[in-house]
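The values are calculated or read from the model by the stated rules, or taken from the named source; none is laboratory data. Note that the structure is predicted; figures quoted are calculated from it, not measured. Quick reminder, even Gly has a Cβ in these numbers, built from the backbone with ideal geometry, and neighbours come from all protein chains shown. For the accessible areas, the whole protein counts, side chains as well, though only heavy atoms, and no ligand, DNA or RNA atoms are used. Shrake-Rupley method; radii C 1.70, N 1.55, O 1.52, S 1.80 Å.
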Amino acid sequence: TALGQQYKRQKNFYEAKFYFIKACDQYNINGCQLAGEVLLIHEKKVADAEPFLTMACRGQNQIGCYNLACVHALLNKKNKALHSLEEALKLGFKEWEHVLKDPDLKNIQKLKDFGNLIEKYKKLKIN
């Protein structure tokens with residue numbers, strides 16, 4: 001993933017993606033997360049990001065799970081989005097302001113289950 005990171009810093013996302021996918025193919029969970037991130041955020045290829053972020057989330061990568069929640073929300077898979085978001089929160093994702101304002105999560109942010117999830121994990125943070 002080092003070469004991919006170097007290309008990402010240079011904003012050469014095509015080359016970065018190539019190396020991240022190569023790392024993911026070798027079961028490097030961070031490579032999967034970064035490949036999904038490039039596809040989702042930089043290339044806006046939401047559906048293409050899903051399998052990479054699924055692998056990252058299964059490998060307990062909290063950012064991968066969070067980005068997978070974004071993918072699911074954008075694809076209108078609300079239950080899957082809530083599940084992936086909960087996985088991210090279980091793994092320690094605590095960027096509350098981002099979660100509450102992320103436009104990718106817009107179609108789940110007003111759901112009662114979303115509010116309950118945030119409340120549950122914010123309480124765990126405090127206790």
To the nearest 0.05, the calculated FRET efficiency linking K11 and I118 through their beta-carbon distance, R0 being 30 Å, is 0.35
Euclidean distance of C-alpha centroids, region 25-48 and region 1-21, integer Å
11
Note down the accessible area of I29, probe 1.4 Å, to the nearest 10 Å².
50
7 Å from Cα along Cα→Cβ at both L3 and H42: what's the point-to-point distance in nm?
1.5
Solvent-accessible heavy-atom area per residue, rounded to whole Å², over the chain at 1.4 Å
58
Cross-link partners of K45 among lysines (Cα-Cα below 19 Å; sequence separation of 8 or more within a chain):
K8, K11, K17, K22, K77, K78, K80, K106
Less than 15 Å Cβ to Cβ from F52, Lys/Arg counted +1 and Asp/Glu -1: what total charge do the surrounding residues give?
+1
In nm, what is the difference between 0.36 nm times the number of residues separating K94 and Q26 and their Cα-Cα distance?
21.6 nm
GNM, the chain, Cα, under 10 Å: largest mean-square fluctuation among A47, A81, A69?
A47
Label region 1-77 by shape, choosing from rounded, prolate and oblate, from the square roots a ≥ b ≥ c of the eigenvalues of the Cα gyration tensor; if a/c is under 1.5 it is rounded, and otherwise prolate applies when a/b is larger than b/c, oblate when it is not.
oblate
